[in-house]
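Engineer: One structure, as structure tokens, below. Some questions next.
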Amino acid sequence: MSQLSQSLPLTPSAAAPAKPGGPAVTSAKLANGLEIVVIPDHRAPVVTHMVWYRNGSADDPVGKSGIAHFLEHLMFKGTKAHPAGEFSELIADVGGQENAFTSNDYTAYFQRVPKDHLRTCMDYEADRMQNLVLTDEVVAPERDVVLEERRMRTDSDPSDLLNEAVQSALFTRHPYGLPVIGWADDIAGLGRADALAYYERFYTPENAILVVAGDVEPRDVVALAGEVYGKIPARGAAPQRWRVREPKPHAHRQVTLADEKVEQPSYQICFLVPSYKTAPGEAEALEVLAHYLGGGQASLLFRTLVVEKKLAVSIGAYYGGTALDETRFYLYGMPAPGVSLETLDEEIAAIVASLAEKGVDAADIERAKSRLVAETIYAQDNQAAMAQWYGASLATGLSLADIQSWPERIEAVTADQVVTAAHWLDRQRGVTGLLLPAGRAA
């Protein structure tokens with residue numbers, strides 16, 4: 001887009017809200033292995049229903065990149081009980097929304113509907129978790145749809161092509177270097193047997209997380225999930241997710257793409273860094289570092305390069321800490337007219353080097369932490385955002401306790417820890433990507 005009768009836990013565990021006044025999140029687990037998370041929000045009679053599977057593009061078999069995303073498409077092709085299009089029409093009729101998405105580490109399906117239709121959403125998702133019907137007549141045309149999606153969104157977009165090249169250079173062995181949508185040649189070879197094998201492996205209750213946020217009572221949601229999802233037979237242990245480890249990089253790499261469709265040059269450098277799963281403690285410092293360096297107009301890079309030196313028209317930083325394995329830290333920007341990408345690169349490198357050598361302003365770090373925590377509190381105003389935050393974190397190996405203690409852990413980060421984290425931004429660990437208009441030199 002893009003059953004056996006078993007006992008139900010009667011006393012789900014309630015985790016404390018991340019901040020006073022925040023949601024009291026409840027968790028439970030069915031006997032067949034399905035995890036349940038309920039996030040109450042009684043301000044409107046609406047509910048967000050999400051099913052997360054612990055598989056993504058990094059779990060695609062060798063030579064079959066894109067199969068996780070392809071199966072996401074095929075999951076909308078229906079079952080015997082619910083032919084293709086039936087559920088989507090129902091969601092539209094009640095004024096709801098539905099969609100799905102695939103990432104490196106997970107695939108998620110969601111609906112946002114009036115709360116009276118929660119059971120309908122559960123019935124549908126439980127049905128297609130075990131009864132998906134695929135024929136060659138369905139699979140072949142959908143494969144063409146995915147190939148066209150790749151041509152339209154990636155192959156015709158220079159910035160997407162550059163990002164693919166940067167990721168491939170950053171992850172030389174780890175499957176994070178594969179595009180989520182897959183390589184075109186691999187997609188063209190995917191068939192019904194590939195989709196069914198992947199479906200049988202990963203689409204099991206043991207491998208799934210149900211997240212429900214909205215105008216619901218936790219105990220009622222757990223009981224309803226037991227009635228609907230609890231009928232799905234357990235398959236045994238959840239599938240193992242084995243990935244090769246990315247070796248430590250020892251050389252800076254640069255990727256340059258010039259294209260006639262590019263009107264404004266742009267710059268990025270992507271570093272291989274730890275995630276919350278691989279290095280708790282360091283990850284929080286990297287999160288604060290990203291916000292300190294490039295988190296909006298109060299950030300160090302914006303103040304220095306956009307406001308003071310006027311060398312850039314935009315600048316930012318991003319840390320993708322929610323990942324099962326080592327992840328990415330981005331610095332990116334667009335130069336001001338007449339400023340070369342080489343100059344912008346040198347200026348950014350100098351600021352990072354100075355930070356690592358001379359330290360940071362403790363007051364600025366405190367302000368960055370306050371903004372980060374405030375954004376998290378504001379996110380509680382959106383039930384769908386909360387459902388996505390919890391689902392993505394749990395699907396990448398974190399616990400409810402990890403999620404809910406995050407604000408306190410961010411507040412505990414010191415200026416010295418941020419300086420230490422800056423040493424991960426060693427150019428030998430990074431790949432620079434330069435996007436240029438056709439005929440322009442870097």
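Engineer: State which residue pairs qualify: first residue over 17 Å from Y198 (Cα atoms) and inside segment 108-134, second residue of a type in the set (S, T, N, Q) and crowded, with 20+ Cβ neighbours inside 10 Å in any location, beta carbons under 7 Å apart, and separation of 6 or more residues or different chains.
Structural biologist: F110/T48; R112/T48; C121/Q111
Engineer: Separate question: From L162, L147, which residue is touching a strand residue (DSSP E or B) at 6+ places or on another chain (Cβ under 8 Å) and surrounded by 13 or more Cβ atoms within 10 Å (Cβ to Cβ)? Write out each step before concluding.
Structural biologist: Working: L147 fails: touching a strand residue (DSSP E or B) at 6+ places or on another chain (Cβ under 8 Å).
Criteria check complete, one pass: L162.
Engineer: Next question, about the same structure. Within segment 150-159, how many residues turn out to be farther than 23 Å from L74 by Cβ and open to solvent by less than 20 Å² (accessible area, probe 1.4 Å)? Steps first, please.
Structural biologist: Within segment 150-159, the subset farther than 23 Å from L74 by Cβ is 156-159.
If we keep only those that are open to solvent by less than 20 Å² (accessible area, probe 1.4 Å) as well, we get 158.
Looking only at that region, the number is 1.
Engineer: OK, next. Can you tell me which residue within segment 303-341, out of those that are open to solvent by 40 Å² or more (accessible area, probe 1.4 Å) and hydrophobic (A, V, I, L, M, F, W, C), is farthest from the chain's Cα centre (by Cα)?
Structural biologist: My answer is V307.
Engineer: Does segment 194-219 hold any residues that are of a type in the set (A, V, I, L, M), over 25 Å from V47 (Cβ atoms) and either open to solvent by 10 Å² or more (accessible area, probe 1.4 Å) or not in a helix (DSSP H, G or I) (or both), and which are they?
Structural biologist: Just the residues of segment 194-219 that are of a type in the set (A, V, I, L, M), to begin with: 195-197, 208-213, 216.
Of the ones still in play, those that are also over 25 Å from V47 (Cβ atoms) are 195-197.
Matches in segment 194-219: L196, A197.
Engineer: Follow-up question, since we're still on this one. Which numbered condition trips up R112, out of (1) within 18 Å of the chain's Cα centre (by Cα); (2) outside any helix (DSSP H, G or I); (3) crowded, with 16+ Cβ neighbours inside 10 Å?
Structural biologist: (1)
Engineer: Looking only at residues that are touching a Phe, Trp or Tyr at 6+ places or on another chain (Cβ under 9 Å), assigned to a loop (DSSP other than H, G, I, E, B) and over 21 Å from D416 (Cβ atoms) in segment 276-321, which one is modelled with the highest pLDDT?
Structural biologist: Looking at residues that are touching a Phe, Trp or Tyr at 6+ places or on another chain (Cβ under 9 Å), assigned to a loop (DSSP other than H, G, I, E, B) and over 21 Å from D416 (Cβ atoms), I get G320.
Engineer: Give me the residue from segment 135-144 that is of a type in the set (D, E, K, R) and loosely packed, with under 15 Cβ neighbours inside 10 Å and, out of that set, farthest from A193 (Cα to Cα).
Structural biologist: Of segment 135-144, the ones of a type in the set (D, E, K, R) are 136-137, 142-144.
From what is left, the residues that are loosely packed, with under 15 Cβ neighbours inside 10 Å are 136-137, 144.
Details: D136: 9, E137: 13, D144: 16 Å.
Top of the filtered list is D144.
Engineer: Every residue in segment 348-365 that is within 25 Å of G433 (Cα to Cα) and buried (at least 20 other Cβ atoms within 10 Å of the Cβ), please.
Structural biologist: Answer for segment 348-365, where residues must be within 25 Å of G433 (Cα to Cα) and buried (at least 20 other Cβ atoms within 10 Å of the Cβ): I348, V352, L355.
Engineer: Among residues belonging to segment 84-109 that are in a helix (DSSP H, G or I) and of a type in the set (A, V, I, L, M, F, W, C), point out the one that is nearest to F70 (Cα to Cα). Reasoning before the result, please.
Structural biologist: Here is the first cut: in segment 84-109, the ones in a helix (DSSP H, G or I) are 86-93.
Of the ones still in play, those that are also of a type in the set (A, V, I, L, M, F, W, C) are 87, 90-92.
Details: F87: 20, L90: 24, I91: 22, A92: 24 Å.
Residue satisfying both the conditions and the ranking: F87.
For (1) over 18 Å from the mean Cα position of the chain (by Cα); (2) at pLDDT below 95; (3) surrounded by fewer than 23 Cβ atoms within 10 Å (Cβ to Cβ), each residue gets a yes or a no:
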| residue | (1), (2), (3) |
| --- | --- |
| G56 | no, no, no |
| G66 | no, no, no |
| L71 | no, no, no |
| F76 | yes, no, yes |
| P83 | yes, yes, yes |
| V94 | yes, yes, yes |
| E98 | no, no, yes |
| F101 | no, no, yes |
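The values are calculated or read from the model by the stated rules, or taken from the named source; none is laboratory data. If you're wondering where the values come from, they're calculated on a predicted model, not measured in any experiment. Note: ideal-geometry Cβ built from the backbone for every residue, glycine included; neighbour counts use all protein chains shown. Each accessible area value is taken on the protein alone, full model and side chains, heavy atoms only, with ligands, DNA and RNA left out. Shrake-Rupley method; radii C 1.70, N 1.55, O 1.52, S 1.80 Å.
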